[in-house]
Amino acid sequence: MTDMNDGAPKGAEASANPETDAKIDVWDAPTRFFHWSLVFQVFVALLTGFIFPEWWMETHIWAGHLIVLFIGFRVVWGFAGSEYSRFDTFIFPVATLIEHVKSVLAKKPKHYVGHNPAGGLMIFGLLIVLFLLTTTGLMILGGEENQGALAAFVNYQAGSAGKVLHSLLSWLLILMILGHVGGVILEGLLTGENLIYSMITGQKDRHPGDVVPRQRPPHVLWGAFATGALVIGAAALVNFLSSFPPSGHVKMDVSDTWKSECADCHMGYHPSHLPAESWRKLMTTLDDHFGEDASLDSATVQELTDYLVKYSAETWDTEAANRFREVDPAEPRRISATPYWVRKHADIKEADFKKSSVKGKANCIACHQDAESGRFDDQKIRIPRE
Amino acid sequence: MKKFATLTFALLLGLTVTGTAHANPARDAIIAKLQAQASQPFSAERGKAFYLKDWSGERDAAASDPETPSCTACHSTNPRNETKHAKTGKVKPPIAVSATPDRFTDPDNVEKWFRRNCNGVLGRECTAQEKGDFLTFMIGQ
């Protein structure tokens, strides 16, 4: 493709005249927009990942998907952008990097118009770590939550492994953000340059001895085309991959007997929410069913036991099934006594369980709107007001 | 002529539906079976007293449920009320036949709930007389 913008307007070149201007145009508008958008997205992702409760998961997922798109744009712009947005302006030989670090330690850093060698390295590091965070995030989403593009392709175990990586990477990201901001502050202290302001206006002060090359203008058209193709391609790919049925879900015809007998007095507990041994125990103790007489004739007991055991937690690979397989040995029939349940609800106030629309820990569906389907999506959690 | 026939048919259908709202062959069979085991004809009055009675004074405490001393503990004093399960909060349709027309039409289901609830409330099985009185009351409600 020909370079559409080589014949840039004269005015633009005049404003960036390296010989006369006291200000140098460094960060073009798309790069600045990218930077502050990414700051916001990462802020939202960290907040919803570390601090906010589970039901903010949808926001977290949106932040992740946006981050991937913006990283995609930045990679395109690393080749198509204006001079200092291009990757080749901030890849330095190792020797130059060492020299730069030494000059910083001597408190006399050499001034770079674009990224300095350490800052440039950080940009690549941040882009890579953020990309890995989004891929591991997608793994968790697919493996543990059975949602998203990878729901059909990642099993629970792989999702859990992704979670460990995602967590480690998020701490690494926090360290890198501290390093990135620390570098900005340090450079400001040593050179008097306000880099944050530069990332807003796009301009930097000219320093004596600055080497300003003839600035290559951005390839706006093909940059926009490549970014557009990337966004559409990614959306189509995610859409296509999401259309496959999630792995770990068993094809199950919901039993009418189960509906009429097991979901009459209480919500219907999905067969995948207890292991087979617990269901057997529960079905042989129906005359004292959590303090109630729920006795049934033996034919119905047999039919229901067969159904519950056939689709018990061992046969599913959902998050709930994986978690509820481990029961409390003292109370193997009680889902709300499983170690995972107890841990997950440690922060829920007793008063929430006592609300009139909740009526206790057994009524999952009061807060988990999709409980009867066996899914327990984070996005489907709503704690009722009363 | 065709119109007249349709009207007549609709009228007859309407009458049939209204007629079966309270008299139902399956329900009649359940009552008849109980009546064969009971000494007195069933009485809605006795059924009402049974429904409203607080059993906590005379029942076996160990065999019954302290939270349900009477039928009304769960079904409320008005059988036409929609109620919630005391422990789970699950909404239950009214027990009265006028409000829930298919009540007491499945003999197994009727026996199942008498077995469970008589134990919970009375601390013992109900007699055929008590069951019949209770059903007669509910059919009239």
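The values are calculated or read from the model by the stated rules, or taken from the named source; none is laboratory data. Because the structure is predicted, anything quoted here is derived from the model rather than measured. So basically every Cβ, Gly included, is an ideal-geometry build from the backbone, and we count neighbours across all protein chains shown.
Miscellaneous remarks
- Residue match in the range A:197-205 (condition: hydrophobic (A, V, I, L, M, F, W, C), modelled with pLDDT under 95 and surrounded by 15 or more Cβ atoms within 10 Å (Cβ to Cβ)): no
- Some residue of the range A:325-346 being under 26 Å from the mean Cα position of the chain (by Cα) and either polar (S, T, N, Q) or not assigned by TED's automatic domain parsing to the domain that holds residue A:275 (or both): no
- Note on the range A:136-247: enclosed helices (runs of 4 or more DSSP H) holding 3 or more residues that are more than 24 Å from residue A:28 (Cβ to Cβ) are A:156-191, A:220-242.
- Long-range neighbours under 8 Å by Cβ, at least six apart or interchain, first residue at the interface with chain A (Cβ under 8 Å from one of its Cβ atoms) within the range B:111-128, second of a type in the set (Gly, Ala, Ser): B:112/A:295; B:115/A:295; B:116/A:294; B:116/A:295; B:119/B:63; B:119/B:64; B:120/B:64
- One residue stands out among those in the range B:67-110 that are part of a helix (DSSP H, G or I) and under 17 Å from residue B:48 (Cβ atoms): the one that is nearest to the other protein chains (Cβ to nearest Cβ), which is B:74.
- Qualifying residue in the range A:312-322 (condition: surrounded by fewer than 16 Cβ atoms within 10 Å (Cβ to Cβ) and either in a helix (DSSP H, G or I) or within 28 Å of the chain's Cα centre (by Cα) (or both)): yes
- For the range A:213-229, a residue qualifies if it is among the β-branched types (Val, Ile, Thr) and buried (at least 17 other Cβ atoms within 10 Å of the Cβ), and exactly one does: A:227.
- Test: residue A:271 is surrounded by 14 or more Cβ atoms within 10 Å (Cβ to Cβ) and assigned by TED's automatic domain parsing to the domain that holds residue A:82: no
Here is a yes/no grid of residues against (1) among the basic types (Lys, Arg); (2) in contact with a Gly (Cβ under 9 Å, 6 or more places away or on another chain); (3) at pLDDT 95 or above:
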position	(1), (2), (3)
A:156	no, yes, yes
A:159	no, yes, yes
A:174	no, no, yes
A:210	no, no, no
A:213	no, no, no
A:228	no, no, yes
A:236	no, no, yes
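- Selected residue (criterion: nearest to the other protein chains (Cβ to nearest Cβ)) from residues of the range A:330-356 that are surrounded by fewer than 13 Cβ atoms within 10 Å (Cβ to Cβ) and in a loop (DSSP other than H, G, I, E, B): A:356
- Residue count, the range A:269-311 (criterion: assigned to a helix (DSSP H, G or I) and within 14 Å of chain B (Cβ to nearest Cβ)): 9
- Check on residue A:260, among the small types (Gly, Ala, Ser), in a helix (DSSP H, G or I), surrounded by 13 or more Cβ atoms within 10 Å (Cβ to Cβ) and assigned by TED's automatic domain parsing to the domain that holds residue A:301: no
- The listed residues are B:32, B:63, B:36, and the only one of them that is touching a helix residue (DSSP H, G or I) at 6+ places or on another chain (Cβ under 7 Å), surrounded by fewer than 15 Cβ atoms within 10 Å (Cβ to Cβ) and either part of a loop (DSSP other than H, G, I, E, B) or not hydroxyl-bearing (Ser, Thr, Tyr) (or both) turns out to be B:63.
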